[in-house]
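K.L.:
Please read through the structure below; I'll follow up with questions.
Nothing in this text is a laboratory measurement; each read-out follows from the coordinates by a stated rule. Everything quoted here is computed from the prediction, not taken from an experiment. Here Cβ is always computed from backbone atoms with ideal geometry, including for glycine, and neighbour counts include all displayed protein chains.
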Amino acid sequence: MIQHTHYQLIVVGGGPAGMAAALAAWDEGLTRILVVERDFMLGGILNQCIHTGFGIEYFEEVLTGPEYAWRFVSMVHDTDIEVLTDTMVLSVSEDKTVHLAGKKAGFLVLTADSVVMATGCRERARGALGIAGTRPAGVITAGTAQRYVNIEGYMPGTRFVIIGSGDVGLIMARRMTLEGAKVLCVVEILPRPGGLLRNVVQCLYDFEIPLLLSHTVTDIRGRERVEEVIVSQVDGNRNAIPGTEQSFSCDTVLLSAGLIPENELLNAAGIGIESSKIQTSAPGIFVCGNALQVHDIVDNVTLEAQRAGIEAANFVGCL
Amino acid sequence: MFDVAIIGAGIVGAATAYELSRYNLNVVVLERENDVALGATKANSAVIHAGYDPSPGTLMAKLDVKSVAITKELCAKLDVPHKQCGAMVLALSDEEVEIVEFLYNQALENGVKDTHILSKEEVLHLEPNVSRDVAAALHAPTAMIVDPWEYTLALAETAMRNGVEIRFETEVTGITSTERGYKITVNAAETVETRILINAAGLYADDIHNMVAKPDFTISPAKGEYWLLDKSEGARVSCVLFQCPSKAGKGVLVTPTVHGNLLVGPGNIPAMDKDDVSTTADELKYVRDTAKKSVPEIDFSAVIRSFSGNRAQTEHSDFIIREAAPGFIDLAGIKSPGLSSAPAIAKMAATMISDCGVELQEKESFIDSRRRIRFNTLSPEQKAALIESDPLYGRVICRCETVTEGEIRDALLSPIPPRSVDAVKRRTNAGMGRCQGGFCGPRVLEILAKHYGIDRVDVLQDRAGTFVLTSKTKEFATTTTDKVSF
């Protein structure tokens, strides 16, 4: 038997965007709201961001990621917003039917008056960067490394080269150094750093970690684990300049070379997204947070998601 | 004392083990790696060739054509993802039409079924994304695509369920002939005795051969590099698109995969050594540029992985299949179409064993089926019923490919359980998607650690020595400061 239930709003994703959207819709007067989160608890990627710098704009305070998340988790708990964790949304259709599965929840087919997609983003992996070389263990995206270190308490390596100067990579350069590892350099293909200036200063300069601008990794070597990385300077067209190769002996390569909005559920349903627009091509289905566009700071995610929650509530009010 | 020992658990070794498991024989497979299909079988085009390509009269021509129908039946019986999507060889200039005509005649001579030549319009009707330069094409509807890992695994698993023993991390280091057969030294320590010895050692088949018989061939690995693209590009073509073959081989192909991705490759350059599966920027660029001649619109920004594999090329143009010494059978030099020919190679090996005087007596009960649960292929009703029967199928571990913890658990309880994160990927598709294990990797690692009762630092990414993690956090800071120079 498949259980069927109807909601005014289903929010897909229980990170900062999902929680803010649900709370805004609640404040607008919606009463039947469900937030679905695939992880074991609300908070999303903030739970592994144990560094500070969150909430400066929204709360006018300096918080860690888990602290920022917890403020919203508490607010959610103070409402009658329903939450399903350890539950995965399998599909969303244009008529706002949502299929989901969970170990405890079972298989559910839900319908809703409105849906907010707050599914976040994923990291660009090695394959997408097309870096040549062998394929040993020890090549890992910065966010995955962050999860291992901050949530699971494990080190993914001892000597690091970081590819890409996105914020996650910069933060992880400092984090690995604080944990006793050696970060040899951060390699950025562009002539300017990808992350926020404050992170370049606080995570690299303060720890004397070299930032190699206009450089790229041209070869990864090693059989079982990474053993060596070859870094070359690039020209104005981002092509490696022969003769500029430098070798770094290391056991780990961290990738921080871009975040990609995760919109697979919408894509699968043939629902389109217009750049920066909360409203999707399907009436009553909205998208916000890093699933819509990758934000530099979470405060902006919150503000955008609140607008999505209000739009969803208005849409339901208009039914 | 075994009746038959097979060296190598790639597609040839696994197919042979499966074939021999029909009979009342005591069979052992010796594999140097920690899983099946980790050599040439792991990285190739995943195509079952129709058989128009090899020269008439060669073993390659005979065994490939004979295998096509058997492979299709095997895949259906043993639950191996496959699709008979057909293949085309594109003539991309008027001059190449001659090559297509030559291949058509060769197909007829080799006994390949249903091939015909398509006009430019017919090609573009079937494959609208093919280059407008196309002048004609050979169409071979019997060609298939397959999942080469699950194919090998299914054969090996079925062989095991029928009594074959497979020993992993067991490297053959010496062979001596005895009165009754052969004595094999493994890992420079233990010995295994057998009447018949089968050399299915892939890239290392020359080394094994030379331990027993007079050296008369050398494997010079030829590297093929590939791009794998996201499912967003998976519908770009509907069948396997070859370019006209040249001296360098079958050329760069563009094909859908059974998992719905797009695969582009291979190149062809000499490998530095047998284990050299590194990719190179120049060769990957060559593959990309060459593929665009067939299908100009391929969006290479959708690449999710590049990889390379080695062909077991020898100085002989054909497969080397023979009794090289009494009771010692070479199944060597199995380059393309090796994956395609494996079932017929295995049957040929069985005949050769029988010719050696070993009686092949069929088992009374031969298990010849296999099924596994693939959550993401089920209907909503089936998913609901499955989760109700076992809630572990409700917990999705890999979000890109929708793989559940139940499926990973099933793999861990199967006859050849995965010993590494990549082995889980090869069995369940977890980590095969667009994030390439970024999200599910840590969870798969945790499941493996729990299942084997080991610490997470001891979990492998793939083969022996490929540890994912190096230590616990605070342990690292306190124990290794002396090794790190700041």
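K.L.:
Given Cα positions, please report Rg to Rh for segment A:118-175, the hydrodynamic radius being the Kirkwood one. Numbers along the way, then the final one.
P.N.:
Details: Rg = 12.0 Å, Rh = 12.6 Å.
Over the Cα atoms of segment A:118-175, Rg/Rh equals 0.95.
K.L.:
With runs of 4+ DSSP H residues as the only contributors, calculate the mean residue ellipticity of chain A at 222 nm using -39,500 (n - 2.57) per run, divided by the residue total and rounded to the nearest 500.
P.N.:
-6500 deg cm²/dmol
K.L.:
I've got another one for you. Among A:74, A:280, A:58, pick out the residue whose Cα is farthest towards the positive end of the charge dipole of the protein assembly as shown, where Lys and Arg carry +1 and Asp and Glu carry -1 on C-beta, about the Cα centre.
P.N.:
A:74
K.L.:
Normalised radius of gyration for segment B:386-468, please: alpha carbon Rg relative to 2.2 N^0.38 Å, two decimal places. Intermediate values should be presented prior to the final figure.
P.N.:
On the way: Rg = 12.0 Å, N = 83, 2.2 N^0.38 = 11.8 Å.
After normalising by residue count via 2.2 N^0.38 Å, the value is 1.02.
K.L.:
How far is helix A:16-27 tilted off the main Cα axis of chain A, in degrees rounded to 10, range 0 to 90?
P.N.:
The helix A:16-27 is inclined about 20 degrees to chain A.
K.L.:
Please sort B:151-158, B:23-30, B:214-221 by packing, taking for each peptide the average over its residues of neighbouring beta carbons within 10 angstrom, highest first. Walk me through the numbers on the way to the answer.
P.N.:
Details: B:151-158: 26.5, B:23-30: 20.9, B:214-221: 15.5.
Taking the mean over residues of other Cβ atoms within 10 Å, the ranking is B:151-158, B:23-30, B:214-221.
K.L.:
Still on this structure, I have one more. Segment A:221-271 to segment B:303-361: how many Å between their Cα centroids?
P.N.:
38
K.L.:
Further question: Inverting the mean 1/r over all pairs of different Cα atoms, compute the Kirkwood radius of segment B:1-154 and quote it in Å.
P.N.:
Taking the inverse mean of 1/r over all distinct Cα pairs, segment B:1-154 comes out at 17.3 Å.
K.L.:
Taking only Cα atoms, what is the 0 to 90° angle, nearest 10, from helix A:298-317's long axis to the longest principal axis of chain A?
P.N.:
20
K.L.:
List the lysines whose alpha-carbon lies under 16 Å from that of residue B:425, not counting same-chain residues fewer than 8 positions away?
P.N.:
Cross-link targets: B:42.
K.L.:
Pop out the ³J(HN,Hα) list for segment B:305-317 in order, Karplus 6.51 cos²θ - 1.76 cosθ + 1.60 with θ = phi - 60°, rounded to Hz; leave Gly and Pro as x.
P.N.:
6, 10, 7, 9, x, 10, 8, 7, 6, 10, 6, 8, 7
K.L.:
For chain B, with the dipole built from +1 on Lys and Arg beta-carbon atoms and -1 on Asp and Glu ones, taken about the Cα centre, which of B:464, B:267, B:277 lies farthest toward the positive end?
P.N.:
Farthest towards the positive pole: B:464.
K.L.:
Based on alpha-carbon centroids, what's the gap between segment A:92-155 and segment B:448-467 in Å, whole number please?
P.N.:
22
K.L.:
Please report the spacing between the Cα centers of segment B:211-231 and segment B:113-128 in Å, no decimals.
P.N.:
32
K.L.:
Moving to a separate point now. Mind pulling the per residue volume of the convex hull built on the Cα atoms of segment B:388-436? Å³ is fine. Walk me through the numbers before you get to the answer.
P.N.:
Details: hull volume 2.9 nm³, N = 49.
Hull volume normalised by residue count: 59 Å³.
K.L.:
Another question, if that's okay. Just from its helices, what would the mean residue ellipticity at 222 nm be for chain B, if runs of 4 or more DSSP H residues each count -39500 (n - 2.57) and the sum is divided by every residue, rounded to the nearest 500 deg cm²/dmol? Let's see the in-between values first.
P.N.:
On the way: 13 runs with 149 residues, N = 486.
When only DSSP H runs of four or more count, the value is -9500 deg cm²/dmol.
K.L.:
Can you compute the FRET efficiency between residue A:244 and residue B:286 using 1/(1 + (r/R0)^6), with r the Cβ-Cβ distance and R0 = 30 Å? Round to the nearest 0.05.
P.N.:
0.85
K.L.:
Also, quick follow-up: Size of the dipole of chain B about the Cα centre, Lys and Arg at +1 and Asp and Glu at -1 on the beta carbon, nothing else charged, in debye to 20?
P.N.:
On the way: 53 positive and 66 negative charges, 222 e Å.
Taking the Cα centre of chain B as origin, the dipole is about 1060 debye.
K.L.:
List the aspartates and glutamates whose Cα lies under 20 Å from the Cα of residue A:96, skipping any in the same chain that are fewer than 8 positions away.
P.N.:
A:37, A:82, A:113, A:262, A:264, A:274, A:311, B:381
K.L.:
Straight-line reach from residue B:285: which aspartates and glutamates fall under 12 Å, measuring Cα to Cα and dropping same-chain residues less than 8 apart?
P.N.:
Reachable aspartates and glutamates: B:225.
K.L.:
Please give the peptides B:225-233, B:253-261 ranked by average Cβ packing (other Cβ atoms within 10 Å per residue), highest first, as a rough proxy for protection. Could you put the intermediate results ahead of the total?
P.N.:
Numbers: B:225-233: 23.0, B:253-261: 21.1.
Ranking, from highest mean packing down: B:225-233, B:253-261.
K.L.:
Over chain A, what is the percentage of antiparallel beta bridges among all DSSP beta bridges, to the nearest 5?
P.N.:
Numbers: 28 of 63 bridges.
Approximately 45 percent, going by the DSSP bridge assignments.
K.L.:
First obtain the Kirkwood hydrodynamic radius of segment A:1-66 from its Cα pairs, then insert it into the Stokes-Einstein equation at 25 °C and 0.890 mPa s, and state the resulting D in µm² per second as a whole number. Mind dumping the intermediate values first?
P.N.:
Details: Rh = 13.4 Å.
Using the Kirkwood radius from Cα pairs, D works out to 183 µm²/s.
K.L.:
OK, next. In degrees from 0 to 90, rounded to the nearest 10, what is the angle of the helix A:65-77 Cα long axis to the longest principal axis of chain A?
P.N.:
The answer is roughly 10 degrees.
K.L.:
In Å, what Kirkwood hydrodynamic radius results for segment A:158-286 from the alpha-carbon pair distances? Each step should come with its number before you reach the end.
P.N.:
On the way: mean 1/r = 0.0608 Å⁻¹.
That comes to 16.4 Å for segment A:158-286.
K.L.:
What does the protein assembly as shown give for Rg and for Dmax, in Å, if only its C-alpha atoms count?
P.N.:
In Å, with Rg to one decimal and Dmax whole: 27.9, 90.
K.L.:
Length gain on complete extension for the stretch residue B:449 to residue B:95, per 0.36 nm per residue less the alpha carbon to alpha carbon distance? Could you put the intermediate results ahead of the total?
P.N.:
Working: separation 354, 0.36 × 354 = 127.44 nm, distance 5.85 nm.
Roughly 121.6 nm would be gained on extension.
K.L.:
Relative to the Cα centre, what is the charge dipole magnitude of segment B:314-386, using +1 at the beta carbon of each Lys and Arg, -1 at the beta carbon of each Asp and Glu, and rounding to the nearest 20 debye? Write out the running numbers ahead of the final one.
P.N.:
Values: 9 positive and 10 negative charges, 131 e Å.
Value, rounded to 20: 620 debye.
K.L.:
Tell me the net charge near residue B:226. Cut-off is 11 Å between Cβ atoms, residue B:226 excluded, with +1 for each Lys or Arg and -1 for each Asp or Glu. Spell out each step's value before the answer.
P.N.:
Working: positive: B:223, B:288, B:305; negative: B:225, B:283.
My count for the surroundings of residue B:226 gives +1.
K.L.:
Among DSSP beta bridges lying fully in the protein assembly as shown, give the percent that are antiparallel, nearest 5. Walk me through the numbers before you get to the answer.
P.N.:
Values: 82 of 137 bridges.
The antiparallel proportion sits near 60 percent.
K.L.:
Take the cross-link list B:231/B:292; B:66/B:223; B:83/B:120 and give me the ones stretching past 22 Å between alpha-carbons.
P.N.:
Details: B:231/B:292 18 Å; B:66/B:223 27 Å; B:83/B:120 25 Å.
Those over the limit are B:66/B:223; B:83/B:120.
K.L.:
Quick one: if you stick a label point 7 Å off each Cα along the C-beta vector at residue B:189 and residue B:69, how many nm between them?
P.N.:
About 4.9 nm separates the two model spin labels.
K.L.:
Mind putting a number on the dipole of segment A:123-255 about its Cα centre? Charges go on the C-beta only, +1 for Lys and Arg and -1 for Asp and Glu, and I need it in Debye to the nearest 20.
P.N.:
Working: 14 positive and 14 negative charges, 45 e Å.
Approximately 220 debye in magnitude.
K.L.:
Kirkwood Rh, Cα Rg: Rg to Rh for chain B?
P.N.:
Working: Rg = 23.0 Å, Rh = 23.6 Å.
Taking Rh as the inverse mean 1/r over Cα pairs, Rg/Rh reads 0.98.
K.L.:
Under a Cβ-Cβ cut-off of 15 Å, what is the net charge of the residues other than residue A:78 that fall near it, where Lys and Arg count +1 and Asp and Glu count -1? Spell out each step's value before the answer.
P.N.:
On the way: positive: A:71; negative: A:27, A:80, A:82.
So the surrounding residues net to -2.
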